[in-house]
1. Out of SER129, SER115, I need the residue that is surrounded by 19 or more Cβ atoms within 10 Å (Cβ to Cβ) and either assigned to a helix (DSSP H, G or I) or touching a strand residue (DSSP E or B) at 6+ places or on another chain (Cβ under 9 Å) (or both). Which one?
2. Which of the residues belonging to segment 139-180 are open to solvent by 60 Å² or more (accessible area, probe 1.4 Å), at pLDDT 80 or above and either among the β-branched types (Val, Ile, Thr) or in contact with an Asp or Glu (Cβ under 8 Å, 6 or more places away or on another chain) (or both)?
3. List the helices (runs of 4 or more DSSP H) that sit entirely inside segment 340-402 and contain at least 1 residues that are open to solvent by less than 40 Å² (accessible area, probe 1.4 Å) and of a type in the set (Ser, Thr, Tyr).
4. What are the pairs, 6+ residues apart or on separate chains, where a residue within segment 112-139 that is without any contact (Cβ under 8 Å) to a residue 40 or more places away in the chain and farther than 15 Å from SER95 by Cα has its Cβ under 8 Å from a residue that is open to solvent by 20 Å² or more (accessible area, probe 1.4 Å) and of a type in the set (Phe, Trp, Tyr)?
5. Out of segment 83-107, which residues are small (Gly, Ala, Ser) and either part of a helix (DSSP H, G or I) or open to solvent by 50 Å² or more (accessible area, probe 1.4 Å) (or both)?
6. Given (1) buried (at least 16 other Cβ atoms within 10 Å of the Cβ); (2) at pLDDT 90 or above; (3) of a type outside the set (Phe, Trp, Tyr), identify the lone condition not met by ARG280.
7. Might you check whether a residue that is among the β-branched types (Val, Ile, Thr), in a helix (DSSP H, G or I), more than 29 Å from the chain's Cα centre (by Cα) and closer than 23 Å to VAL223 by Cβ occurs anywhere in segment 270-277?
Amino acid sequence: MRGFIVLAVLGLILGAALVNQVDQDGGYVYASLGDVVVETSVWFALLAWLITWGLIALLLGAVRRVWGTQRVLSGWMGQRKSRNATALTNRGLISFIEGNWERARTQLLRSARYSDAPLVNHLIAARASFRLGNIDEAKEQLGKAESVEADAGVAVELTQAELQLSAGNYEQALATLVRARANAAQHPYVLALLARAHRHLGEWDALRPLLPELRKYGLLEDVALRGLEGELWHALIRSIAEQSNGSVKDLEVLWRDMPRAQREQLPLRICYLDALITLRGYGEAEKHIVSWLGKDWQPELVAFLGCFPPDNPRKLLKIIRKWLDAPSHDGALLLAGARVALHAREWETAGTWLEQAYQRGSTPENCCELARFCTARGEHERASALSAEAVGLTLAPLPEVPLPDSKEG
């Protein structure tokens, strides 16, 4: 309050002094512009100057207020559009998850312009277009996705590769993924897609070095990863066996390089034994079979014992006799043992075991092997009966049809 009184008093004193000064000496201002002449006092000119600048200041303030109002209104409108775009984008994502591709595409493209993340809109719209079978539209949306965000190259390439894989264009997908991996070498998902492309193209040697990285980053579930590993090792084993220059040594090296968990899988052991026998690696096959059966009895491996000539049939026959002493042995061991006995030229033992195998189960293989043995011994009538039995076991039952009488001509 005191400050206001002091200012008021000072204002009165200054005003009185100014009026007194004006009365004593008003001054004189003369201005000429062409034919226009203005004459006035200094004080009036000063007052006019102040009034003019005051009006200009008021006008500028009004303009600023109007401009600020427009900016506020524009910002409010922009925020409203952004909120609406976000809501529409969310509805588009829900439509995509629900499988309504057409509606998802429409909603995502309508909201892309004002979306806070237009990259997502265009990427998902590309997927929706692909599901609708519109490949050109999908490519266009991928191009727009890359244009709205300069750092989105890897995301765009991954999406493109996924669509190419889904369409079965594995070579194109592989080219896209190789480019993506060069741009983002440590991107884990690239590895998963690369593995998928190599698998479909049968490029097992290229897939093999990816397995440790797939396991490291946990890109596949354990069951899926073991399945992929099993498929890989099966393919690599078969490729060596089918090569014209494939060797038992190469096969043994591959087997040693294989993870122990895979070497213990029965399907892989069977595949490995088949390859060894194909390459005539009989000694290695026999060694593995005897070792595996000595630790874990797997009947599926027993049959391999009679599929090749053993290096030392009498030695192998002793091992088989010990196994036959166990009450849990099956007919497969009897048949395999009989074949080994034939290689050892122990005819009586072979005949006995063939008969026992047949009595345990008259399978087509047991019938045929015993029939062959009977034929060699001159028992042709029984051999014919066994051969007919094998055929009957192999074929499905014949339908009932009328047949001619033997007496009819």
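1. Details: SER115 fails: either assigned to a helix (DSSP H, G or I) or touching a strand residue (DSSP E or B) at 6+ places or on another chain (Cβ under 9 Å) (or both).
So the residue among SER129, SER115 that is surrounded by 19 or more Cβ atoms within 10 Å (Cβ to Cβ) and either assigned to a helix (DSSP H, G or I) or touching a strand residue (DSSP E or B) at 6+ places or on another chain (Cβ under 9 Å) (or both) is SER129.
2. Across segment 139-180, the qualifying residues are VAL178, ARG179.
3. Counting at least 1 such residues, we get 347-360.
4. The qualifying pairs are ALA138/PHE130.
5. If we filter segment 83-107 for residues that are small (Gly, Ala, Ser), which is where we start, we get 85, 87, 92, 95, 99, 104.
Result: ALA85, ALA87, GLY92, SER95, ALA104.
6. Condition not satisfied by ARG280: (1).
7. Filtering segment 270-277 for residues among the β-branched types (Val, Ile, Thr) gives 270, 277.
Among the residues that remain, those that are also in a helix (DSSP H, G or I) are: 270, 277.
Okay, now just the ones that are also more than 29 Å from the chain's Cα centre (by Cα), so 270, 277.
Restricting the remaining residues to those that are closer than 23 Å to VAL223 by Cβ gives 270.
For segment 270-277, residues among the β-branched types (Val, Ile, Thr), in a helix (DSSP H, G or I), more than 29 Å from the chain's Cα centre (by Cα) and closer than 23 Å to VAL223 by Cβ: present.
The values are calculated or read from the model by the stated rules, or taken from the named source; none is laboratory data. No experiment lies behind these values; they were computed from the predicted model shown. Virtual Cβ from ideal backbone geometry, glycine too; neighbours counted across all protein chains shown. Ligands, DNA and RNA are stripped out before the accessible areas are found, and what is left, the full protein with its side chains, is counted by its heavy atoms. Shrake-Rupley method; radii C 1.70, N 1.55, O 1.52, S 1.80 Å.
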